[in-house]
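Heads up: the structure comes next, in structure tokens.
The values are calculated or read from the model by the stated rules, or taken from the named source; none is laboratory data. The structure presented is a predicted model; accordingly, all values stated were derived computationally and were not measured. Because the Cβ atoms are built from the backbone with ideal geometry, glycine has one as well, and the counts that use them run over all protein chains shown.
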Amino acid sequence: MTLAEYAAARSTHPQALRSEYVQLFRDSTAAPLAPVTRCEEHEGVVKFCLDVGSGLETESVIIPMDSYRGSKWHTLCVSTQVGCRMGCTFCETGRMGLMRNLTIEEIVTQRIVARRLRHQRTSLPTRPYSYFRDGIRNVVFMGMGEPFDNFDNLVGAIRVLNEPNGLAIPLTQMTVSTVGRIDGLQQLADIVRREPSWANLRIALSLNASNDAVRTQIMPINKSAPLAELQRALLDYPLARRGLYLIEYVMLAGVNDSVEDADAVADWCRPLRCVVNLIPYNPQRDAAYATSDDATVFRFLRRLRSHGIFVKRRVTQGRNLMGACGQLGNPELRRPRRTNRAAGEPVDSNPA
């Protein structure tokens, strides 16, 4: 809860509970949390899973970052669902189907557990408090699930994470990644118009194709949100004056990585204030695609730059932990498949 919600639940004034609320959120040992079911580390990347009952677990990743200027920090990738119903064919989570939405508590808990893990592994001071004292500067909603598919709990979690008397994470340090839920963008836009500070929340979009035919093939959401409509929704969104969209583009060998694809992506991005992030495909178990080689990735990057598009190549981290982009999702939790008795064919028990 935010401080105001916490006080309302206790039928008292927020100021009367402020000290108690601050203690609960800022003391890393103040409250019991969901148990860590798995925790793995490789080359500074930490992937941890939390028990959320009924045999299900969240997956979160702490990722070390550094800039060309030498500064270092960490980013926390959090989940909003267990599984996902979007069905993107290059994504391990999409192959799970949707298990269930996470609550506000379960989303926020991932950030608090990450803080505990960081303090256990380092000698970082715990006082005075600041949201990045543990080295985690950014929270990105890019883990399991489509954030806009769990819209109310997503917004509630952002409010709690942003609460000045609690974790106090600036909206500028949080990023919501969507496959292109236009209705979600419109709902978020309504919040921004009512609360202008929310324009500082960062938006990332998984594009991953240069035309509707390919995007529909690899991302079923494109049937209801084709590229032209998606572009219009982004142009209509009340982006902060200096804000930029992060356009994520997973590179699939022989599918979306040609020079012609780069030209079409540049045409689509040109009206938008954005930066394109090229992501070499991270193989899944029984991978259906191959990763574009470095020469192809850099040819694509140079082509976009020749069109005046701001573009970067994401450094791959966490592959060995199945913690990189598109790899989250315990295969043991996948929805069981039943047999269609009439046709004798397997049918997904979660067709949504």
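General observations
- Scanning region 207-227 for residues that are assigned to a helix (DSSP H, G or I), free of Cβ contacts under 8 Å to residues at least 60 places away in the same chain and buried (at least 19 other Cβ atoms within 10 Å of the Cβ) yields a total of 2.
- Subset of region 229-254 (residues that are over 20 Å from residue 187 (Cα atoms) and either charged (D, E, K, R) or surrounded by fewer than 20 Cβ atoms within 10 Å (Cβ to Cβ) (or both)): 242, 248, 253, 254
- Qualifying residue in region 146-165 (condition: over 26 Å from residue 104 (Cβ atoms) and touching a strand residue (DSSP E or B) at 6+ places or on another chain (Cβ under 6 Å)): no
- Top-ranked residue in region 308-323 [being at pLDDT 90 or above and either among the polar types (S, T, N, Q) or in a loop (DSSP other than H, G, I, E, B) (or both); ranked as nearest to residue 47 (Cα to Cα)]: 310
- Those residues of region 22-59 which are part of a helix (DSSP H, G or I) and either of a type in the set (Lys, Arg) or surrounded by fewer than 19 Cβ atoms within 10 Å (Cβ to Cβ) (or both), in sequence order: 22, 23, 24, 26
- Qualifying positions in region 186-219 - under 15 Å from the mean Cα position of the chain (by Cα) and not basic (Lys, Arg): 201, 203, 204, 205, 206, 207
- For residue 289, the requirement of being under 25 Å from residue 186 (Cβ atoms), of a type in the set (Phe, Trp, Tyr), outside any helix (DSSP H, G or I) and in contact with a strand residue (DSSP E or B) (Cβ under 7 Å, 6 or more places away or on another chain) is not met.
- Scanning region 155-174 for any residue that is within 16 Å of the chain's Cα centre (by Cα), part of a helix (DSSP H, G or I) and farther than 22 Å from residue 112 by Cβ turns up nothing.
- Selection from region 74-89 of residues that are basic (Lys, Arg) and under 13 Å from residue 49 (Cα atoms): none
- Cross-chain or 6+ apart pairs with Cβ under 8 Å, region 287-307 first and modelled with pLDDT under 95, then small (Gly, Ala, Ser): 289/253; 290/253; 290/254; 291/253; 292/253; 293/253
- Residues satisfying the stated conditions in region 90-110, i.e. among the charged types (D, E, K, R) and either touching a residue at least 60 places away in the same chain (Cβ under 8 Å) or part of a strand (DSSP E or B) (or both): 92, 95, 100, 106
- Within region 23-42, being more than 21 Å from the chain's Cα centre (by Cα) and modelled with pLDDT under 85 holds for 26, 27, 28, 29, 30, 31, 32, 33.
- Those residues of region 228-278 which are aromatic (Phe, Trp, Tyr) and either more than 28 Å from residue 196 (Cβ to Cβ) or not in a strand (DSSP E or B) (or both), in sequence order: 237, 249, 268
- Contacts under 6 angstrom Cβ, first residue in region 78-89 being closer than 7 Å to residue 144 by Cα, partner part of a loop (DSSP other than H, G, I, E, B) and of a type outside the set (A, V, I, L, M, F, W, C), 6 or more apart: 79/143; 79/145; 80/145; 81/145; 84/145; 84/146
The rows are residues; the columns are (1) within 20 Å of residue 176 (Cα to Cα); (2) of a type in the set (S, T, N, Q).
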residue: 61; (1), (2): yes, no
residue: 66; (1), (2): no, no
residue: 69; (1), (2): no, no
residue: 120; (1), (2): no, yes
